[in-house]
Amino acid sequence: MTILRASVAVPRPVRRLFTYSIPPALAPRCRPGVRVVVPFGRHKLTGYLLSLMEGEQPGSSPKSLRPIEQVLDPEPVLDGTILEVVRFAADYYVASLGEMIRCALPGMKAQVRRVVSVTERGRRALEAGGGVLVDASLPRIASDPRGREILGVVAEFNSGRGAAIRLDDLRRRVGPRFTTRTLENLRAAGFLEVAEVAATAGPRPRLEEEAVLVAHDVTAAGAKGARRRRLLELLGEAGGRRSVPGLLRDSGASRSVLRALETLGLIAIESREALRRPASFELPLQTPATLRPTSAQKAAIDAIAGALSTRSFTTFLLHGVTGSGKTEVYLRAIETAIRSGRKALYLVPEIGLTPLLARRMRSRFGEVLGLLHSGLSDGERYDEWRRIRNGRVEVVLGARSAVFAPIPDLGLVIVDEEHDTSYKQDEHPRYNGRDLAIMRAKMSRAVVVLGSATPSMETYVQAERGRYRMLALPGRIGPAGLPRVERIDMRREFEEVGRESVLSRRLLSALEERLRRGEQSLILLNRRGFSTFVLCRSCGEPIQCRNCSIPMTWHLRHRRLRCHYCDDTREQPVTCPACGSSHLYYGGTGTERLETILRTVLPTARVQRLDKDTARGRGSVEEMLTRVERGEIDILLGTQMIAKGHDFPNVTLVGVLAADALLGLPDFRAGERAFQLLAQVAGRSGRGDREGEVIVQAYDADHHAIRFACEHDFAGFAARELAYRRAMNYPPYAALAAILVRDRVFDRARARAEEVGLILRGRSERSLQVLGPAPAPLERLRGEYRVQLLIKAAGRKELRNALGRMLHELEGRKVRSESLAIDVDPMTTL
Ligand SMILES: [Zn+2]
Ligand SMILES: [Zn+2]
């Protein structure tokens with residue numbers, strides 16, 4: 001007999017597929033590419049059905065297979081192209097296929113709910129004790145009043161409604177006395193059962209009712225009464241078809257009027273899909289300005305169009321200084337691709353920070369623009385995803401995960417700000433959207449344009465070697481040219497002024513001048529909070545986070561110390577936790593203090609702070625940036641969020657405070673990142689008709705990253721940085737992977753890291769260099785110690801082989817790979 005089985009990928013770090021049986025009732029809907037709900041251990045998961053198998057499974061009894069419980073999609077959601085990209089990514093970044101598919105389908109998973117019910121044993125225990133748990137074998141639970149309360153609430157709910165109570169409801173009813181541990185104890189004792197049910201399939205198409213005019217002679221039969229007449233009139237005016245809620249609202253008629261007309265056969269009620277549109281689609285459109293490309297822009301546009309016409313995989317690096325008009329080149333290239341009948345993907349680092357780009361794109365492309373990013377609701381994203389897949393979208397604007405968008409006939413991929421670290425996912429699986437975009441373009445024989453004013457060293461080297469074609473935009477579009485940059489040595493400022501100051505005299509007078517002239521200023525200070533550390537004057541210790549090896553930051557507004565790595569907080573200390581002294585010193589300036597200072601020294605200025613603390617809530621960033629655009633803000637200060645791609649023509653001054661602090665903790669990319677951020681924020685100045693100015697304050701203003709950025713000298717910086725990378729055998733001259741072992745106990749982390757190190761060293765070829773194990777620069781994070789190994793290989797193939805062998809060996813030793821965080825092509829080794 002034939003037994004139907006399915007091979008399913010689950011989003012768990014297990015690098016193999018699982019086989020499930022298919023119940024006959026579900027068989028017709030089980031097709032490769034659909035999402036399914038499957039049991040996995042004690043949980044239910046959304047899995048991805050990849051293939052069907054008939055016949056007996058060799059060597060195992062089919063009865064032992066667990067069945068698929070639910071099929072979530074009427075149509076497959078995974079097609080060949082997406083699977084090809086996902087397979088490559090899973091292999092390259094050493095993740096499981098299921099984990100990578102989950103990245104490709106964000107927001108598309110079944111809502112699984114946990115429900116709790118009381119067992120017979122639990123009920124007896126409750127009754128026997130008259131509300132008191134009596135069970136000699138379980139004294140701890142029996143004497144726990146919290147246990148009695150939880151059990152009582154569950155039992156009451158069960159007998160009242162005859163159904164299990166949802167875990168969230170139980171939690172709410174019991175209140176703060178609810179603990180997961182008590183629940184777990186009750187379950188272990190057999191008093192309660194906890195089950196998982198798949199409640200909904202996740203986002204679904206939203207349906208809306210529409211009234212349709214059927215009979216045209218509406219005067220005769222049913223048109224008695226003003227309400228009925230009015231409703232039919234409105235329907236006629238709308239061309240015979242209108243959505244029901246709007247129709248009822250405008251006619252003042254009730255549902256019963258509608259039903260009466262339906263019964264009379266005058267109208268019909270139909271269900272139609274109503275697409276959910278992203279909020280930014282509601283913004284007023286701009287009239288697209290017709291810009292005449294500069295000769296450099298034209299050369300770039302022509303080169304890209306030429307590659308598009310040959311339909312062969314080509315990668316370009318569009319290296320253009322800030323304000324050189326890269327966006328216009330992208331938009332023209334997209335138009336060319338669309339004209340030739342192919343579709344385009346436009347990736348940007350964070351759409352939330354560039355709402356004005358979405359508006360510009362919408363003005364230019366209208367309905368054929370699709371949006372995919374994390375700022376959308378699950379429903380909006382689902383509808384956009386389906387519009388894209390159905391071919392109704394010609395160009396997709398999206399963030400990292402849009403690289404997996406189901407775009408048919410992809411012809412052009414744009415990766416703007418290709419150097420940006422947010423293309424790299426900072427949790428497992430740690431894939432890089434830019435690199436996958438190049439791979440995806442290769443699979444679709446598409447053209448890729450990587451754009452940046454400060455290309456990553458990896459990309460720049462590829463262009464120098466001729467693997468990528470270099471397109472240069474060396475000058476700004478406007479008449480003003482690149483801004484003048486001045487460096488202020490804050491040590492000398494201190495000597496001359498005789499006291500510590502946050503704003504140098506030079507920067508302060510430049511700000512005053514902008515206020516007088518009615519121009520705008522930006523100030524970058526890449527540290528939020530009020531005081532960036534609190535130090536004991538007696539023993540010299542900073543107050544550290546309990547969970548991380550990081551000093552905590554003082555936030556005045558909430559009057560609490562906060563860790564910026566794990567978000568833990570503590571109250572304002574009265575004494576030093578280390579020595580008990582009461583002499584505490586609040587040092588270092590963050591954006592919150594800077595805002596206070598600016599309001600004091602420039603009382604007439606309209607000041608706005610933009611950082612993670614002020615940017616909470618959907619649309620708040622958009623609102624702040626719109627206010628800057630309208631000229632309602634004089635000074636916008638903030639963290640690196642203010643540096644991202646904004647184009648404000650009236651900004652003529654950019655100030656950078658504590659530029660040397662941008663170098664941060666020791667990391668091989670620290671210099672590159674500081675250079676990029678400085679160049680990017682400096683580029684916000686002087687984008688209109690007037691010349692811009694940049695003032696950079698630092699204590700160590702001579703670091704090469706700061707110096708080259710202030711001189712607008714990318715080539716000089718790259719030469720220096722690449723020499724360092726070559727000498728230290730870092731990327732782009734080596735393929736790098738970081739393996740992080742985390743554990744609450746340091747010695748355990750260390751021992752496991754040693755084991756991994758031995759495996760890697762034991763089998764490795766000479767082309768492999770293994771460094772460590774050693775404590776990571778961030779030695780403790782979120783309560784876990786972190787021990788790190790770095791692997792450098794001559795090529796990516798050698799690196800992947802070594803990691804594959806290592807994982808294989810660890811699986812043989814039953815070491816769970818979750819305890820290792822493997823980062824291929826890491827952005828940081830902190
Ligand atoms: Zn102390
Ligand atoms: Zn912390």
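The values are calculated or read from the model by the stated rules, or taken from the named source; none is laboratory data. Please read all numbers here as calculations on a predicted model, not as lab measurements. FYI the Cβ positions are ideal-geometry reconstructions off the backbone, even for glycines, and counts take in every protein chain you see. For the accessible areas, the whole protein counts, side chains as well, though only heavy atoms, and no ligand, DNA or RNA atoms are used. Shrake-Rupley method; radii C 1.70, N 1.55, O 1.52, S 1.80 Å.
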Quiz item: Among the residues of the range 303-330, how many are among the hydroxyl-bearing types (Ser, Thr, Tyr) and open to solvent by 30 Å² or more (accessible area, probe 1.4 Å)?
Solution: 4
Self-check item: GLU380, sole failed condition from (1) part of a loop (DSSP other than H, G, I, E, B); (2) open to solvent by less than 30 Å² (accessible area, probe 1.4 Å); (3) out of contact with any helix residue (DSSP H, G or I) (no Cβ under 7 Å at 6 or more places or on another chain)
Solution: (1)
Exercise. Working carefully through the options LEU594, LEU561, find the one that is open to solvent by less than 20 Å² (accessible area, probe 1.4 Å), away from ligand 1 (no atom under 16 Å from the Cβ) and either assigned to a loop (DSSP other than H, G, I, E, B) or at pLDDT 90 or above (or both).
Key: LEU594
Quiz item: Somewhere in the range 482-497, is a residue in contact with an Asp or Glu (Cβ under 7 Å, 6 or more places away or on another chain), free of Cβ contacts under 8 Å to residues at least 24 places away in the same chain and away from ligand 2 (no atom under 16 Å from the Cβ)?
Solution: yes
Exercise. Considering (1) at pLDDT below 95; (2) of a type in the set (Val, Ile, Thr); (3) in contact with a Phe, Trp or Tyr (Cβ under 9 Å, 6 or more places away or on another chain), say which one THR294 fails and leave the rest.
Key: (3)
Quiz item: What do you reckon, is LEU625 in contact with a Leu (Cβ under 6 Å, 6 or more places away or on another chain) and assigned to a helix (DSSP H, G or I)?
Solution: no
Quiz prompt | Every residue from the range 541-553 that is away from ligand 1 (no atom under 16 Å from the Cβ) and in a strand (DSSP E or B) | solution = THR553
Exercise. Kindly check whether there is at least one residue in the range 478-487 that is more than 16 Å from ligand 1 (Cβ to nearest atom), part of a strand (DSSP E or B) and buried (at least 16 other Cβ atoms within 10 Å of the Cβ).
Key: yes
Practice problem: Quickly run through the range 361-377 and pick out the residues that are over 19 Å from the mean Cα position of the chain (by Cα) and surrounded by 19 or more Cβ atoms within 10 Å (Cβ to Cβ). | Solution: MET361, ARG362, PHE365, LEU369
Practice problem: Taking the residues in the range 754-800 that are β-branched (Val, Ile, Thr) and assigned to a strand (DSSP E or B) as candidates, determine which candidate is farthest from ligand 2 (Cβ to nearest atom). | Solution: VAL770
Practice problem: Looking at (1) farther than 13 Å from ALA89 by Cα; (2) in contact with an Asp or Glu (Cβ under 8 Å, 6 or more places away or on another chain); (3) open to solvent by 10 Å² or more (accessible area, probe 1.4 Å), find the lone condition where ASP435 falls short. | Solution: (1)
Exercise. Could you tell me whether any residue of the range 47-54 is within 26 Å of ARG204 (Cβ to Cβ) and at pLDDT below 90?
Key: no
Exercise. Taking the residues in the range 145-193 that are among the aliphatic types (A, V, I, L, M) and not in a helix (DSSP H, G or I) as candidates, determine which candidate is surrounded by the most Cβ atoms within 10 Å (Cβ to Cβ).
Key: LEU192
Quiz item: Pairs, please: C-beta under 8 Å, at least 6 apart or cross-chain, first residue open to solvent by 60 Å² or more (accessible area, probe 1.4 Å) and in the range 577-589, second in a strand (DSSP E or B) and near ligand 1 (Cβ under 8 Å from one of its atoms)?
Solution: ALA578/CYS536; CYS579/CYS536; HIS583/CYS536; TYR585/CYS536
Quiz item: Given the conditions (1) under 27 Å from GLY375 (Cα atoms); (2) of a type outside the set (S, T, N, Q); (3) in a strand (DSSP E or B); (4) open to solvent by 40 Å² or more (accessible area, probe 1.4 Å), and given that ALA472 satisfies all but one, which numbered condition is not satisfied?
Solution: (1)
Quiz item: Counting only residues that are under 29 Å from LEU636 (Cα atoms) and within 16 Å of ligand 2 (Cβ to nearest atom), how many does the range 548-557 have?
Solution: 6
Quiz prompt | Hits in the range 710-732 (condition: in contact (Cβ under 8 Å) with a residue 40 or more places away in the chain, outside any helix (DSSP H, G or I) and surrounded by fewer than 17 Cβ atoms within 10 Å (Cβ to Cβ)) | solution = GLU711, ASN729
Quiz item: Are there any pairs, at least 6 apart or on different chains, whose C-beta atoms fall under 6 Å, with the first in the range 615-641 and open to solvent by 40 Å² or more (accessible area, probe 1.4 Å) and the second among the aliphatic types (A, V, I, L, M), and if so, which?
Solution: ARG627/ILE633; GLN640/LEU677
Quiz item: With respect to ASP660, is the statement that it is closer than 18 Å to ARG527 by Cβ and either polar (S, T, N, Q) or open to solvent by 20 Å² or more (accessible area, probe 1.4 Å) (or both) true?
Solution: yes
Quiz item: Just one of the numbered conditions (1) of a type outside the set (Gly, Ala, Ser); (2) free of Cβ contacts under 8 Å to residues at least 40 places away in the same chain; (3) crowded, with 16+ Cβ neighbours inside 10 Å; (4) not in a loop (DSSP other than H, G, I, E, B) is not true of ARG599; which one?
Solution: (3)
Exercise. Enumerate the pairs (first residue in the range 548-560 and without any contact (Cβ under 8 Å) to a residue 12 or more places away in the chain; second residue anywhere and within 13 Å of ligand 2 (Cβ to nearest atom) and open to solvent by 50 Å² or more (accessible area, probe 1.4 Å)) with beta-carbon separation below 6 Å, excluding pairs fewer than 6 apart on the same chain, so at least 6 apart or on different chains.
Key: none
Quiz prompt | Cross-chain or 6+ apart pairs with Cβ under 7 Å, the range 409-427 first and open to solvent by less than 10 Å² (accessible area, probe 1.4 Å), then of a type in the set (S, T, N, Q) | solution = LEU410/SER444; GLY411/SER340; GLU418/SER452; GLU418/SER456; GLU418/THR459; TYR423/ASN432
Practice problem: Just give me the residues in the range 242-256 being surrounded by fewer than 15 Cβ atoms within 10 Å (Cβ to Cβ) and assigned to a loop (DSSP other than H, G, I, E, B), in sequence order. | Solution: GLY252, SER254
Quiz prompt | When residues of the range 521-547 are limited to those that are away from ligand 2 (no atom under 16 Å from the Cβ) and open to solvent by less than 10 Å² (accessible area, probe 1.4 Å), the one farthest from LEU625 (Cα to Cα) | solution = CYS536
Quiz item: When you go through VAL534, VAL497 one by one, which is the residue that is touching a helix residue (DSSP H, G or I) at 6+ places or on another chain (Cβ under 9 Å) and under 24 Å from ALA698 (Cα atoms)?
Solution: VAL497
Self-check item: Which numbered condition ARG570 fails, given (1) outside any strand (DSSP E or B); (2) within 16 Å of ligand 2 (Cβ to nearest atom)
Solution: (1)
Exercise. Search the range 729-778 for residues being among the β-branched types (Val, Ile, Thr) and out of contact with any Ser or Thr (no Cβ under 8 Å at 6 or more places or on another chain), and hand back the single one that is nearest to ASP825 (Cα to Cα).
Key: ILE739
Quiz item: Does any residue in the range 302-318 that is of a type in the set (Lys, Arg) come within less than 8 Å, Cβ to Cβ, of a residue that is surrounded by fewer than 21 Cβ atoms within 10 Å (Cβ to Cβ) six or more places away or on a different chain, and which pairs are these?
Solution: ARG311/ARG445
